Amino acid sequence: MPDPHFPHSSAELSQIAKDVLDYAVQRGAGAAETDVSEGTGQTVTVRRGEVETIEYNRDKGIGVTVYIGKQRGHASTTDFTPQAVRDTVDAALSIARFTAADECAGLADEDGLARDIPDLDLWHPWALPVERAIELAKACEDAGFAVDKRITNSEGATVSTQGSHFIYGNTLGFLAGYSSSRHGVWCALVAGRNDEMQRDDWYETGRDAADLPDPAGVGRRAGERAVRRLGARKIATTQAPVLFEAPVSATLLGHFVGAVSGGNLYRKSSFLLDCAGKQVFAPLADISEQPHARKGLASAAFDEEGVATRPREVVAAGVVQGYFLGSYSARKLKLKSTGNAGGNHNLTLRDTGADFAGMLKALGTGLLVTELMGQGVNSVTGDYSRGAAGYWVERGEIAYPVQEITIAGNLKDMFRGIVAVGNDVVRRGSRYCGSILIEHMTIAGD
């Protein structure tokens, strides 16, 4: 019987995956793998008290990868009919026959495939009638407007609920998948004073709607942040400590992940080449990967190749313990897959004990960054230069908002210069960390 939440049941997705693999072998593939997925969702946005958009999404897809010897071909389709499935496999085989052989190509090593698939509690469907979603979005925006009369406009409040399920299979006998959900509340507001306008937002997301805060609280926080930015000014160019607020500090972990991911390492396009076993961060830094965290936003029992994921220490006392590798990049580097085909899983930077107020005290006098702009990061050299906005802090207290500034340094120096990590963690994606305090950076202003 069909799953009430999806057009196709898990059993039907499994049968499609089996049909793909059987047909690929029948047509001459030495090996094959496939991912069959389906997702549904609803997103409601309200702006200035009126419904702006109601969106429903229903997505599905089949990805097929085949190997003829060491030649690889890939094709995909959104059509689940038997003829379309066969045509997609044939297209992948045709591509493989015209592709150069690559000694590192192939399925994941069989001994690394997941054998036990734990339930990670990722599926929490939200029975949310559209009328109720509109009510929640309106309550969110109304609470934001109620914060201060200077909040004059809105970019909207959004309530979203999404669900998906998939099956991954390969010709080594692996066939598994699961359902997952993701829900969120977002609000962006504009505050005005005279001719000045300032915008800020806030959002929360989670696997289970029961874990989300009251939408009104999201709206209030967005409103408070927008008002607090009024009166922003530039500051003179200086060098000072910089505190990255939790929502933006996760980008620093992202730069680290990119630098020690297999693709950049074997292409030698990373500022952290051959860094395993070396001191990269300050000694206080401990970074772990926790793929089996219940309800984790990036939890997974296996990666996109079926390789089992395992909790591990990625950085211990500032020393890099390992990389992020899928099967192909692992073979290129003559290493083993770390179960990271498709990305990292709940990467967590351990805090050093202080809450946000304590982090401001540790900052003393310097810059609190709450927004980053631009993409001025060189992945080969580690040079870092990004537009920023936030607040100037004096003696541990926010003094005034700042804007139109640039913060600059080198990621190697920034990682070694981390002096504290807050416990004010905001969980929005695959990287979990609180605010991060860096000893000093160049701040370019007037």
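The values are calculated or read from the model by the stated rules, or taken from the named source; none is laboratory data. Since the structure is predicted, the reported quantities are computational estimates derived from the model, not experimental observations. Ideal geometry is used to build each Cβ from the backbone, glycine not excepted, and the neighbour counts take in all protein chains shown. What goes into the accessible areas is simple: the full protein's heavy atoms, side chains included, and nothing from ligands, DNA or RNA. Shrake-Rupley method; radii C 1.70, N 1.55, O 1.52, S 1.80 Å.
A few comments on the model shown:
- Each peptide in 103-115, 298-310, 195-207 receives the mean, over its residues, of other Cβ atoms within 10 Å, and ordering these scores from highest gives 298-310, 195-207, 103-115.
- Pairs of Cα atoms nearer than 8 Å and 6+ residues apart set the relative contact order; for the chain it is 14 percent.
- Compared with the direct C-alpha span, the chain from Thr365 to Glu52 gains 108.4 nm at full extension, assuming 0.36 nm per residue.
- Net dipole in debye of the stretch 305-361 [+1 Lys, Arg Cβ; -1 Asp, Glu Cβ; about Cα centre; nearest 20]: 340 debye
- Nonlocal amide H pairs with Met441, under 5 Å, H built at 1.01 Å: Ala240, Val242
- Only DSSP H runs of four or more residues enter the estimate; each adds -39500 (n - 2.57), and after division by the residues of the chain the mean residue ellipticity at 222 nm equals -7000 deg cm²/dmol.
- Pair Val419, Leu284: separation of 7 Å Cα→Cβ label points (nm): 0.9 nm
- 5 angstrom amide H check on Glu371, placed H, neighbours 5+ away: Ala389
- Built amide H within the under 5 Å cut-off of Ala316, gap 5+: Ile287, Gln321
- Extreme residue, positive dipole direction of the chain, given options Thr406, Leu372, Val130 (C-beta unit charges): Thr406
- Extension gain for Cys104 to Met373 (0.36 nm times residue separation, less C-alpha to C-alpha distance): 93.1 nm.
- The chain: DSSP helices with Cα axial extent of at least 18 Å and average Kyte-Doolittle hydropathy no lower than 0.0: 10-26, 82-97, 130-145, 246-259
- A Gaussian network model of the chain, with springs between Cα atoms under 10 Å, assigns the largest mean-square fluctuation among Thr77, Thr45, Thr348 to Thr77.
- The stretch 269-326 shape via C-alpha gyration tensor axes, a/c threshold 1.5: oblate
- Cβ-Cβ distance of Lys268 and His292, R₀ of 45 Å, FRET efficiency by 1/(1 + (r/R0)^6): the value works out to about 0.85.
- Lys/Arg +1, Asp/Glu -1 at C-beta; the chain dipole; positive extreme among Tyr391, Leu13, Phe271: Phe271
- Surface share of carbon and sulfur [accessible, 1.4 angstrom probe, percent] for the chain: 49 percent
- Across Lys234/Lys278; Lys138/Lys361; Lys332/Lys412; Lys234/Lys268; Lys18/Lys70; Lys70/Lys412, pairs whose alpha-carbon gap is larger than 31 Å: Lys234/Lys278; Lys138/Lys361; Lys234/Lys268; Lys70/Lys412
- For the pair Val25 and Ala146, label points projected 7 Å from Cα toward Cβ lie 6.3 nm apart.
- 3J(HN,Hα) from dihedral phi, the stretch 261-270, Karplus parametrisation 6.51/-1.76/1.60, rounded to Hz, x for glycine, proline: 8, x, x, 6, 5, 6, 7, 6, 10, 9
- In the context of the full set of protein chains, the chain has a per residue accessible area of 44 Å² (1.4 Å probe).
- Of the peptides 120-128, 51-59, 362-370, the order by per-residue mean of other Cβ atoms within 10 Å, starting with the highest, comes out as 362-370, 120-128, 51-59.
- Spacing of the modelled spin labels on Ala316 and Arg350, each 7 Å from Cα toward Cβ, amounts to 1.0 nm.
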